[in-house]
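Notes for the one structure printed next.
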Amino acid sequence: QVQLVESGGGLVQPGGTLRLSCVASGSFFRLYAVGWYRQVAGKQRELVAGITITGNTNYADFVKGRFTISRDNAKKTVYLQMNSLKPEDTAVYYCNGVRGTVTSWGQGTQVTVSS
């Protein structure tokens, strides 16, 4: 099972950019599908973007055209490039790795979009 650590969050103005990283430790990261989720206090965690082991991607409608997910298996890292950020993107962002019945979550990184 992999362990995941997110980084790259912070405070950014509306219209700004951030790049989140999800770094894995452990074996067989390349065999994990990975998703970025976000959660606002009091609300359910929601999927933002996902990437399969073959590199296929999917996005929630509310981030299409603004966010890009990618992976570098050699670095055991999945990225979430976030452009044109909006105040409603403010949340804790988590990465999740899935391989069969095994799932791992990171601890989350806070993203705050505010002027």
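Just so it is clear, none of the values below were taken in a lab; they were calculated from the coordinates. Keep in mind the model is a prediction, meaning the values are calculated, not measured. Positions of Cβ are backbone-derived with ideal geometry, glycine not excepted, and every protein chain shown enters the neighbour counts.
A few remarks follow.
- Amide H contacts under 5 Å for Gly10, placed H, 5+ residues apart: Val111, Thr112
- Short-range pairs are left out: with C-alpha atoms under 8 Å and at least six residues apart, the relative contact order of the chain is 38 percent.
- In straight-distance terms, cross-link reach from Lys43 covers every one of the lysines whose alpha-carbon lies under 22 Å from its own, apart from those fewer than eight places away in the same chain; here that gives Lys64, Lys86.
- Full extension of the chain between Ser70 and Leu47 yields a length gain of 6.8 nm, computed as 0.36 nm times the residue separation minus the alpha carbon distance.
- Placing pseudo-labels 7 Å out from each Cα toward the beta carbon at Trp105 and Asn58 gives an inter-label distance of 2.0 nm.
- Comparing Cα centroids, the stretch 52-74 and the stretch 8-39 end up 10 angstrom apart.
- Karplus-based coupling profile of the stretch 8-23, in residue order and whole Hz: x, x, x, 9, 9, 7, x, x, x, 10, 9, 10, 8, 10, 10, 9, with θ = phi - 60° in 6.51 cos²θ - 1.76 cosθ + 1.60 and x standing for Gly or Pro.
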